[in-house]
Amino acid sequence: MQESTQGESKTAQLIIDGTTYELPIVVGSENERGIDIRNLRSATGCITLDPGYGNTGACTSDITFLNGEKGILRHRGYAIEDLCEQGTFLETAYLLIYGDLPDETQNEEFVTDITRHTLIHENLRHVFQGFPLKAHPMAIISSMVCSLSAFYQESYDWGDTQNTDITIRRLIAKLPTIAAFAFKKSCGQPFIYPDNSLRYSANLLKMLFGVPCESYEADPDEAAALDQLLILHADHEQNCSTSTVRLVGSSRANLYAAISAAISALWGPLHGGANQAVLEMLQRIHDDGSKVEKYVELAKDKDADFRLMGFGHRVYKNFDPRARIIKKTCDRILEKMGVSDPLLDIAMELEEAALRDEYFVERKLYPNVDFYSGILYRALGIPTEMFTVMFAIGRLPGWIAQWREMILAPDMRIGRPRQIYNGPVARPFVPLAKRGPCPARSAG
Ligand code: SDX
């Protein structure tokens, strides 16, 4: 933590019922300031109220810095643009989890470890047969990741031990295998086992698109584009699914269980599920004659229950830097493939229409990471219902890093938010024979 700079208050004053309370102001390494309220209730009897936690810091963290106004995203001080242009996804994973970029020896050990743990237990492979054909892959990967804890019970050993390190490697190694098996199941094709001669993203593409009856080699540019997409999704400070990992992990549940919960949180269309929702929205606009203006107007109509998916962000009130990078890669890959995607044309028209519309400008609703990622996944041949699964593979190292930071924190304690109760006050029990209909039900 920094000291407050000259002229800046070191404390905040709160006056309740004529009493003045001094609350310390903490300052982060990027000069973000927070009022430390950890003793507020014991000192004042009051709690704070902040639905959706838009103004509440759950922790301090050294992992990711976002500046929503300037569109800055850095991991342990490294700009996302540099990591995308010069690094690999596994280097970024190592950086997030262990605090700095690995040297050549560390990187080779990490990559080799992960390569050697990509298989899943054959008993677990059989579990896939129990799912219905059209099971959503997010339901499958969430269940399968939690099931890993049944096979590796040393992961119940709490704390940063050797068991934690092998659990971290197993998760990063096995999630792509589980994801690819879920996809193969959905299209009735044989599972393609991992190939240890391939690097992470090329191996994932082979498990997704390879078939036993012919050889498959991922296009290097496509493997590089996928690696970049995974880097872009790797971490994003205390978003919904990361906060889920921290909360579940704070009860000392094992890491597999915490990651399974995060996958479920990510599934929501307001969060990671938005990338699938963006493609479905673009397809709907396309099928409706590409009337972009109609849908911009619909998104402004509060009664329409329609949002421009892929637009807006709780933190970014300027461009999401990840959207910029993805759009450039999109253009490059589509040009290389000689593919012109009508949905990309609609996406660009939609972006242009929204960004000149007062409603969006006033609310600072810009394209976020999910707006273009689906176009790129589609260009790589990945089906829409697998988009959020790809997001989960990318976000996994960030979830792990945040969980590890939490378990190592000296002040770590179980997460337990408070509330302001607003229900009925004390009242006598009414015997069944004397009760009227429950008002809530009759109103239903
Ligand atoms: C991710 O947190 C993260 O970091 C998430 C993420 C990560 O990497 O982990 O970045 C990944 O989840 C990106 C966001 C993906 N979701 C979407 O694209 C879904 C569409 N976007 C929205 O639903 C919304 O913008 C959120 C959920 C992203 C943010 O919601 P907020 O901050 O709670 O904002 P809000 O819902 O209070 O909206 C503020 C206003 C409202 O209008 P008014 O009440 O002021 O009249 O903006 C409007 C909203 O109706 N609004 C939109 C809109 N998003 C917000 N109106 C139309 N279309 C939209 N997309």
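Observations
- Computed from the Cβ-Cβ distance with R0 of 22 Å, the FRET efficiency linking R33 to D82 stands at 0.20.
- Rounded to 10°, Cα long-axis angle of helix 274-287 versus longest principal axis of the chain: 70
- Solvent-accessible surface (1.4 angstrom probe) belonging to S42, in square angstrom, nearest 10: 100
- Each part reduced to its alpha carbon centroid, the stretch 399-444 and the stretch 159-185 end up 33 Å apart.
- Longest DSSP-loop-exposure-free segment, GluC sites (Glu not before Pro), the chain, at most 14 other Cβ within 10 Å: 218-444
- For the stretch 119-269, the relative contact order comes to 29 percent (Cα pairs under 8 Å, sequence separation of at least 6).
- With the whole protein complex present, C240 retains an accessible surface near 80 Å², based on a 1.4 Å probe.
- Applied to the stretch 231-241, the Karplus parametrisation 6.51 cos²θ - 1.76 cosθ + 1.60 on θ = phi - 60° returns per-residue 3J(HN,Hα) values of 4, 5, 9, 5, 7, 7, 6, 9, 5, 3, 6 Hz, with x for Gly and Pro.
- Straight-line reach from K70: taking Cα to Cα under 22 Å and skipping same-chain neighbours fewer than 8 places apart, the lysines in range are K317, K327, K328, K364.
- Sorted largest first by accessible area at a 1.4 angstrom probe radius, with every protein chain in place, the residues F151, F183 fall in the order F151, F183.
- Inter-label distance for Y53 and K317, nm, one decimal - labels placed 7 Å from Cα along Cα-to-Cβ: 2.1
- In the chain, helical runs assigned H by DSSP with n ≥ 4 each contribute -39500 (n - 2.57); averaged across all residues and rounded to the nearest 500, the mean residue ellipticity at 222 nm is -15500 deg cm²/dmol.
- Farthest toward the positive end of the dipole of the chain, out of Q13, I382, A426, is the Cα of A426, where the dipole comes from beta carbon charges about the Cα centre.
- Measuring nothing but protein heavy atoms, the accessible surface of the chain at 1.4 Å probe radius is 51 percent carbon and sulfur.
- Separation of alpha-carbon centers, the stretch 193-230 and the stretch 1-73, rounded to whole Å: 45
- The order of W267, W399 by accessible area, most exposed first and with a 1.4 Å probe, is W267, W399.
- Of the whole protein surface, Y216 contributes about 70 Å² of accessible area at a 1.4 Å probe radius.
- Highest-fluctuation residue, P431, P321, P269 considered, GNM on the chain with Cα pairs under 10 Å: P431
- Note: relative contact order over the stretch 1-135, using C-alpha pairs below 8 Å and six or more positions apart, is 10 percent.
- Angle between the chain longest axis and helix 369-379 axis [Cα atoms, degrees, rounded to 10]: 20
- 1.4 Å probe accessible area per residue over the chain, in Å²: 51
- Computed label-point distance, nm, for sites D301 and E358 using a 7 Å Cα→Cβ extension: 1.9
- 3J(HN,Hα) along the stretch 111-120, derived from phi through the Karplus expression 6.51 cos²θ - 1.76 cosθ + 1.60 where θ = phi - 60°, amounts to 5, 5, 4, 5, 4, 7, 10, 7, 6, 10 Hz, with x in place of Gly and Pro.
- Volume per residue for the chain equals 218 cubic angstrom (convex hull of Cα atoms).
- With at most 10 other Cβ atoms within 10 Å, longest stretch of the chain clear of loop trypsin sites (Lys or Arg not before Pro) (DSSP): 135-355
- With all protein chains in place and ligands, DNA and RNA left out, the 1.4 Å accessible area ranks D288, D303 as D303, D288, largest first.
- In plain terms, the chain from Y156 to T20 could stretch by 44.3 nm, reckoned as 0.36 nm per residue minus the Cα-Cα distance.
- With a Förster radius of 45 Å applied to the C-beta separation of T5 and Y421, the computed FRET efficiency comes to 0.65.
- In sequence order, the stretch 215-226 has phi-based couplings of 6, 9, 9, 5, 4, x, 5, 6, 5, 5, 5, 5 Hz under the Karplus curve 6.51 cos²θ - 1.76 cosθ + 1.60, θ = phi - 60°, and Gly or Pro positions carry x.
- Inter-label distance for K134 and D165, nm, one decimal - labels placed 7 Å from Cα along Cα-to-Cβ: 4.7
- Anisotropy class of the stretch 117-234 from Cα gyration tensor, a/c 1.5 cut: oblate
The values are calculated or read from the model by the stated rules, or taken from the named source; none is laboratory data. Computed from a predicted structure; not experimentally measured. Virtual Cβ from ideal backbone geometry, glycine too; neighbours counted across all protein chains shown. Heads up: the accessible areas ignore ligands, DNA and RNA and are worked out on the full protein's heavy atoms, side chains in. Shrake-Rupley method; radii C 1.70, N 1.55, O 1.52, S 1.80 Å.
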